[in-house]
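So the structure is just underneath, and the comments pick up after that.
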Amino acid sequence: MFFTLKSEKRAVGARAGEIQTSHGIIPTPIFMPVGTLGTVKAVLQKDLESDIDAKIILGNTYHLYLRPGESILGQAGGLHKFMNWERPILTDSGGFQVFSLSDIRKIREEGVEFRSHIDGSKHFFTPENVVEMQRVIGSDIMMALDECPPGDCEREYARKSMHLTQRWLERGFTHFKNTEPLYGHKQTFFPIVQGAGFPDLRREAAKHIADMGAEGNAIGGLSVGEPTEVMYEMIEVVNDVLPLEKPRYLMGVGTPANIIEGIARGVDMFDCVMPTRNGRNGMLFTWRGIINIKNKKWENDFSPLDPDGESYVDHHFTKAYLRHLFQAGESLGPQLASIHNLNFYLRLVGTARERILDGTFEQWKKNVVPQISHRL
RNA sequence: GGGGAGAUACCAAAGUGGCCAACUGGGGCAGACUGUAAAUCUGUUGGCAUACGCCUUCGGAGGUUCGAAUCCUUCUCUCCCCA
């Protein structure tokens, strides 16, 4: 993997770049649609590639390990072939599931013991076997196993958790370096900064992964219940330390406004379930604000779904029609909303990139953030 | 013509003397959702009030009772069975 900065180099500030992978080039800043189980929910690969023009998508190691499992993915020749997606894939390690499935797991020095949320069976994840699994998946970018503590955790817990994560990162990275890709294309490994909402812990964690010398770095443990201002502050603290010349990935973020603010603070990569999950639940993100298409006020609004939108669905369907689909519980509703939202998210980061390159990002941000955050 | 069952809120359907402004579904309205255990979950759904609460409701009318969706009388309507 190679990362090239195309804009001015500043520690904390918006930048534009390019990530080269074996499966294609990713312009940054970029948003990566989440496709946990080998599918971006409710969206066909074809639409993802053409209409939405996603440059890279996510998969999830924990979920893919449980279903379809290592054997099937190995037989398929990796996730790209299995799901027929030829562009880059980034896989999360399952670190987030250490957080979100906290009722059914036990964390130890060696790794984390899970109970499957599907059948209750016991499984053990280590920094090493999670790398192995991601070798089988064949993701272009694999994530380290980390512990993602809740946003309101105590300092002492955050400190111990961060140190455990650091030991896991090193074990994972060592294992990564000692193993080879299985399918002839390159893979890379991103370590993750933790440290909850404590600036000194964050700084220490950032220094630690900066010294590891990975090709890219991730910021984890944000947007997990802490106030938004804390998240922004942590991004600044961390990006002040992380190397300039390597991509920075803010995991799990966020709302359109969060993403612009993240870009402004020097983040290059984002992923979030919001455009798809909220889309399936009737929320549309647009340049003019946020729409809950299920609301009665759209019942007889026959204007285009999104007059400013650039996707096929934005101009071929009306708000009234989409509301009808949701009212009727038709599965096309969530599909159209997901396509619209992902297209919007990709256009949002694409526009941010243009504004960075032509030097008007700050001015643009000032105008666009209130607009896209407004509820219609 | 004879016999039987029933009428409850937007719909379906519980309740059969006070704990009932009325269980539960559905539908409606609104909200939540940030490295996806989510095409899920939550609230609300007679009127008025921020709230305490007040007012009008269980086919219509009348009655019994301290008190009625629940008991009695009568009327109207619906459904089923037999002719």
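The values are calculated or read from the model by the stated rules, or taken from the named source; none is laboratory data. As the structure is a computational prediction, the values presented were derived from the model and not from experiment. Note that we place each Cβ from the backbone using ideal geometry, even for glycine, and neighbour counts take in every protein chain shown. Areas reflect the complete protein model, heavy atoms only, side chains present, ligands, DNA and RNA absent. Shrake-Rupley method; radii C 1.70, N 1.55, O 1.52, S 1.80 Å.
Candidates A:T179, A:T188: the one that is closer than 30 Å to A:Q75 by Cβ, in contact with an Asp or Glu (Cβ under 6 Å, 6 or more places away or on another chain) and surrounded by fewer than 24 Cβ atoms within 10 Å (Cβ to Cβ) is A:T188. Considering region A:357-371, and only residues there that are more than 20 Å from A:T28 (Cβ to Cβ) and either in contact (Cβ under 8 Å) with a residue 60 or more places away in the chain or among the basic types (K, R) (or both), the residue that is nearest to RNA strand B (Cβ to nearest atom) turns out to be A:Q371. Of A:M274, A:M251, all but one fail to be closer than 24 Å to A:A54 by Cβ, buried (at least 23 other Cβ atoms within 10 Å of the Cβ) and within 16 Å of the chain's Cα centre (by Cα); the exception is A:M251.
Scanning region A:185-202 for residues that are of a type in the set (V, I, T) and either assigned to a helix (DSSP H, G or I) or in contact with a His (Cβ under 9 Å, 6 or more places away or on another chain) (or both) yields a total of 1. Restricted to region A:254-271, and to residues there that are more than 6 Å from RNA strand B (Cβ to nearest atom) and charged (D, E, K, R), the residue that is least open to solvent (accessible area, probe 1.4 Å) is A:D268. Against the numbered list (1) under 24 Å from A:F176 (Cα atoms); (2) at pLDDT 95 or above, A:G95 comes up short only at (2). With respect to the stated conditions, A:L164 fails to be buried (at least 23 other Cβ atoms within 10 Å of the Cβ) and either within 26 Å of A:L222 (Cβ to Cβ) or at pLDDT 95 or above (or both). The helices (runs of 4 or more DSSP H) falling completely within region A:280-376 that include 1 or more residues that are closer than 30 Å to A:A16 by Cα and open to solvent by less than 20 Å² (accessible area, probe 1.4 Å) map to A:312-316, A:332-357, A:361-373.
One residue alone among A:P191, A:P275, A:P227, A:P247 is within 12 Å of RNA strand B (Cβ to nearest atom) and touching a Ser or Thr at 6+ places or on another chain (Cβ under 8 Å), and that residue is A:P275.
Yes/no per residue for (1) outside any loop (DSSP other than H, G, I, E, B); (2) of a type outside the set (S, T, Y); (3) within 12 Å of RNA strand B (Cβ to nearest atom):
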| site | (1), (2), (3) |
| --- | --- |
| A:E147 | no, yes, yes |
| A:F173 | yes, yes, no |
| A:F176 | yes, yes, no |
| A:T179 | no, no, no |
| A:Y183 | no, no, no |
| A:E204 | yes, yes, no |
| A:A210 | yes, yes, no |
| A:L222 | no, yes, yes |
| A:Y232 | yes, no, yes |
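Pairing residues of region A:245-263 that are in contact (Cβ under 8 Å) with a residue 60 or more places away in the chain with residues that are assigned to a helix (DSSP H, G or I) and open to solvent by 30 Å² or more (accessible area, probe 1.4 Å), at Cβ distances under 6 Å and at least 6 apart in sequence or on separate chains, gives A:A257/A:S373; A:I260/A:K365. Would you check if there is a residue in region A:299-316 being within 16 Å of RNA strand B (Cβ to nearest atom), out of contact with any Leu (no Cβ under 8 Å at 6 or more places or on another chain) and either closer than 15 Å to A:R280 by Cα or without any contact (Cβ under 8 Å) to a residue 24 or more places away in the chain (or both)? Yes - at least one qualifying residue is present in region A:299-316.
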